[in-house]
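All remarks here apply to the structure that follows.
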There are 2 protein chains.
Amino acid sequence: MPSDPNGTEARNKSTSKRQQTPESAESVSKSVSASRRSFIAGAVATSAVMAAPRWAGAEYLWPTTGPATNGLDALSALADDDLTAIRAEITKRHDESLRRMQTWIQQPSIAAENRGMNEGCELTMQLFREAGFQQVSKVPTDGQPGIFATLDAGAAKTLGLYFMYDVKQVDPAEWSSPPWEAKLVDKPGFGKVVMGRGAVNQKGPEAAFLAALHAIKGSGKKLPVNLVMVAEGEEEIGSPHFPQVVHRPEVQAALKKVMGIFMPSAGQAPDGQVTMTLGAKGVIECELVSSGEKWGRGPKTDVHSSNKARLDSPAWHLIKALNTLVSADGNDPAIEGFADKARPISAAEKAMIAEAAKRTNEAGAMKSLGVTHWVHDVSFQESLELLMSRPTVNIEGLVGGYTGPGGKTILPHRAVAKMDLRLVPDMKAEEVLALLKAHLAKHGFGDIEVNMTGGYDPNSTSADAAVIRAEVNVYKRGGIEPILLPRNAGSWPGYVFTGEPLKLPAGHFGLGHGSGAHAPDEYYVIESSNPKVQGLDGAVMSYVEYLYEAARIV
Amino acid sequence: MPSDPNGTEARNKSTSKRQQTPESAESVSKSVSASRRSFIAGAVATSAVMAAPRWAGAEYLWPTTGPATNGLDALSALADDDLTAIRAEITKRHDESLRRMQTWIQQPSIAAENRGMNEGCELTMQLFREAGFQQVSKVPTDGQPGIFATLDAGAAKTLGLYFMYDVKQVDPAEWSSPPWEAKLVDKPGFGKVVMGRGAVNQKGPEAAFLAALHAIKGSGKKLPVNLVMVAEGEEEIGSPHFPQVVHRPEVQAALKKVMGIFMPSAGQAPDGQVTMTLGAKGVIECELVSSGEKWGRGPKTDVHSSNKARLDSPAWHLIKALNTLVSADGNDPAIEGFADKARPISAAEKAMIAEAAKRTNEAGAMKSLGVTHWVHDVSFQESLELLMSRPTVNIEGLVGGYTGPGGKTILPHRAVAKMDLRLVPDMKAEEVLALLKAHLAKHGFGDIEVNMTGGYDPNSTSADAAVIRAEVNVYKRGGIEPILLPRNAGSWPGYVFTGEPLKLPAGHFGLGHGSGAHAPDEYYVIESSNPKVQGLDGAVMSYVEYLYEAARIV
């Protein structure tokens, strides 16, 4: 549905600059994983909060109140001969794995700028082949190509994988280490990290997963599951053509055989803790455009502001339209029928959130978000319930007329509100878009354009799904009691897997840590000096463990 | 009261570019005077409409429906020996007058950029001395200096003058002839024009006035009136410190003796017609700023938009506040007490407007403004009444959060509305600002900052004032029946003269034509090929005539 490839691309330079050198002990201790899996919003520097990936940044759950271990020692609990040999192979191949990751990061592939996309796609396909995928094919779309790959290990079970090969834009001037050099740099409190665009979002964790395949093969072992891979090159612009990849008959046929889908991610916060979310909200990003031309009232170009006395104002028209979309305090959506299909929060979900609230530090959450009140002054637990269960109508930006310093005496002919609407199951993006348009028309604002720039449906996965239980088992064996949440308040395009017709469980998994997604100085920990956080080899081993666990779980 | 020197400075490049080459016969025929006096909004390319000076662009009164002559032939109606000799001297000194104007334009003096201000002030003072002012002094202010000058001709009457020596910013890339070269270029339909920043706004007409003084002196005649000059260097940033100049005791003492004030301007539209306004609306420019920090709710920095579910939104807070300021259709101010002191339109003013409406082309006005309806679908005459009598609450611009292409998933911590409020007699800028703040506080928006960036009171002058009657007499002798309007819907700082304690009549005067104020390719006609429009010498002669008329009017 997203139609604008510039969807969510441009960066807020002034804000992201704030995070340029989070090098003090304090700021480092606050740093968090910005991975796909468990981005802990607001745990860091505020820049991380706002530079979060599209779906991330929703739950603040760090610092937790309970203890956490690094998960490393206990991984050996599973150790049999296979795993011992593979662990040795991982160590042996450490440099090779790092180089592979660096090579990948060094290839820019920015869909928003149509930069290096073909090279990025080809390189990714090559990496898949080298990792053992026997069939690797480029899937053309109306936008950037996707990749479909399969690895038949002759195993009984098949696991699905979701990868992305594109990255967010950069402003190299804001980086302390050049974003395309992928250098190994010392990061106090974390150890040696690879710094570069895509380090944590998502090439670092993805390269760690590929390293797991190399290690298994290199140690002479047989992969315990078959793999089906779908990758896209437009994740950072809202995955507008990803459905075209997943809906191909051969891809659908392959995906029908998988037990579930996962995306590699750097799942650990700086305290080692992992948060798992059983789905994500959906989102509609759209622009509401009020213009004299479409309205038929007010001017068609900017005119001198004195004319307000005799002309209608498209800017006021927009304000009046926006005013109808939410309650008087700006908090409760007022679009007719908006939340009619919203599934109420269940008792089980409430219990899950209550448990998470107990393990989480409210004061730290507020501090990192820069707030002193939750909406309606609710309790922390209620705030988490709202975060996970409440559909929202948000203004991302307002722009119209003169926007520079001071004023300029014009009556603008056009004004735009950039909105995002977050959806919960069982709301559908397409239906909500229609409700928004109907609401505007009913209230006399039918002339206001609603231009959807990106978005998709919510997704939901049961905690009982084998792939999710396998994740929990591996974490627990590593001494980590993951915090489970019913939903990520952000969004990711998991609906293509969890929705009709596949109805697959889908999630993110991986030990290791990184941060700075969408911000300068993005990094992924390679050699950890933090006893609670895994470095590259630990992350690779977590994927090995997960593949074995997925193979044997019932 | 204006406190932000960036007040109304930044230019809208994309729009002003539209006017770069209005060279076709049609576009030229639509070109209008952009002078201080009778800027005819919207008569031109839409760019002129939006690039108008702060007070200009309000009334659209061209093309008129009646005939107009160029005023040249009939100037001789007054001719006695004095005037015949002076006319010859004007012709003789044509090149000298042009060079003086070019030298002035070639000196950039941009208050908004603090560029060339001292040089511009010194040069202007030198031009005043050379023109015969015996006393010329720089008047320091908290901003750029003003100038106070007097010319004692031993005459019975004294006339006041208001000059400005600053100009609007430029983007030289947008000009067909470099803005600081003040070259003489051919402009089809107009003849030879001087092109440069300040050509029409205001150095061209001002230089023409100084040339009148040189011509009178050069022909051995005695100036028929004494002169008191006040000039400022901050007109283009809203005259924030001009009261400091005018309120100096020695300036007040001198101004108490003057019969009235006028500013030289290029008063003719391309059809030769002149529109006179008997005052101007006042204006408040201000920013309404909603922020999490001041509100104490919502975030203090931009955070991920998913947090809307649990956080208040300063952007929505702004929308809800704005919503209370105007009626449901966005047209009628709803600030409590806002228009309580607005003087209703009088029968005489209504008659004046009715006459003007008859002489004006409604369809042309609508076309040039890019509109198909007046507000409330009123008649043309009513639209002019509203324009001149109605106080307004206008949105100049909206800016908050992400404003680039597409969307960005943030909940902004801050949003700003740039507003202008136009005031009619007897409203006062200071009182209205207080009413706005009280209104916001009463409606629960007391946290929203109201930052005034510029503005001043309305001003009003009687048609019976001698300086106004003298203007009318000179125009009429030139065969021009000026259109009289009770008020300019734009604003200029005439209140410093018309208000307490001076209560002087004040207006603009001058034949001649130019356009492009605040836009690229600003020009002033030097050698007119348009039989209805005066060139430089005719403009100079109009000032000579005016000085003599002011001396003898009773």
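The values are calculated or read from the model by the stated rules, or taken from the named source; none is laboratory data. Quick caveat: nothing in here was measured; it's all calculated off a predicted structure. For neighbour counting, all protein chains shown are included, and Cβ atoms are generated from backbone atoms with ideal geometry for every residue, glycine included.
Quick notes on this structure:
- Yes/no for B:Ala321 being among the hydrophobic types (A, V, I, L, M, F, W, C), within 30 Å of A:Phe445 (Cα to Cα), within 14 Å of chain A (Cβ to nearest Cβ) and touching a helix residue (DSSP H, G or I) at 6+ places or on another chain (Cβ under 7 Å): yes
- Filter result for A:Val228 (farther than 21 Å from A:Tyr546 by Cβ, touching a helix residue (DSSP H, G or I) at 6+ places or on another chain (Cβ under 8 Å), among the aliphatic types (A, V, I, L, M) and at pLDDT 95 or above): no
- Only one of the listed residues (B:Ala334, B:Ala315, B:Ala266) is in contact with a Gly (Cβ under 6 Å, 6 or more places away or on another chain) and either more than 10 Å from every other protein chain (Cβ to nearest Cβ) or surrounded by fewer than 22 Cβ atoms within 10 Å (Cβ to Cβ) (or both). That residue is B:Ala266.
- Long-range neighbours under 8 Å by Cβ, at least six apart or interchain, first residue assigned to a helix (DSSP H, G or I) within segment A:99-112, second among the aromatic types (Phe, Trp, Tyr) and surrounded by 21 or more Cβ atoms within 10 Å (Cβ to Cβ): A:Met101/A:Tyr524
- Filter result (at the interface with chain B (Cβ under 10 Å from one of its Cβ atoms) and touching a strand residue (DSSP E or B) at 6+ places or on another chain (Cβ under 7 Å)) within segment A:358-369: A:Leu369
- Scan of segment A:358-385 for residues that are in a helix (DSSP H, G or I), closer than 30 Å to A:Leu433 by Cβ and aliphatic (A, V, I, L, M), ordered by number: A:Leu369, A:Val375, A:Leu384
- Taken together, A:Val289, A:Val283 contain a single residue that is in contact with a helix residue (DSSP H, G or I) (Cβ under 9 Å, 6 or more places away or on another chain) and more than 9 Å from every other protein chain (Cβ to nearest Cβ), which is A:Val289.
- Count of residues meeting criterion [under 13 Å from B:Ile448 (Cβ atoms), touching a residue at least 60 places away in the same chain (Cβ under 8 Å) and out of contact with any strand residue (DSSP E or B) (no Cβ under 9 Å at 6 or more places or on another chain)] in segment B:286-338: 3
- Which listed residue is under 30 Å from A:Gly406 (Cβ atoms) and crowded, with 21+ Cβ neighbours inside 10 Å, from B:Val245, B:Val193: B:Val245
- Residue in segment A:374-384 that is more than 7 Å from chain B (Cβ to nearest Cβ), of a type in the set (Phe, Trp, Tyr) and closer than 21 Å to A:Arg422 by Cα present: yes
- In segment A:337-371, the residue that is farthest from A:Phe445 (Cα to Cα) out of those that are buried (at least 18 other Cβ atoms within 10 Å of the Cβ) and among the hydroxyl-bearing types (Ser, Thr, Tyr) is A:Thr360.
- The requirement of being assigned to a helix (DSSP H, G or I) and more than 10 Å from every other protein chain (Cβ to nearest Cβ) is satisfied by B:Glu355.
- Residues that are among the polar types (S, T, N, Q) and either assigned by TED's automatic domain parsing to the domain that holds B:Met276 or part of a loop (DSSP other than H, G, I, E, B) (or both) were ranked within segment B:313-352; the one that is nearest to A:Gly397 (Cα to Cα) is B:Ser313.
- Some residue of segment B:449-458 being on the phi < 0 side of the Ramachandran plot, away from every other protein chain (no Cβ under 14 Å) and in contact (Cβ under 8 Å) with a residue 24 or more places away in the chain: yes
- For segment B:391-439, filtering for residues that are surrounded by fewer than 22 Cβ atoms within 10 Å (Cβ to Cβ), at the interface with chain A (Cβ under 7 Å from one of its Cβ atoms) and assigned to a loop (DSSP other than H, G, I, E, B) leaves 3.
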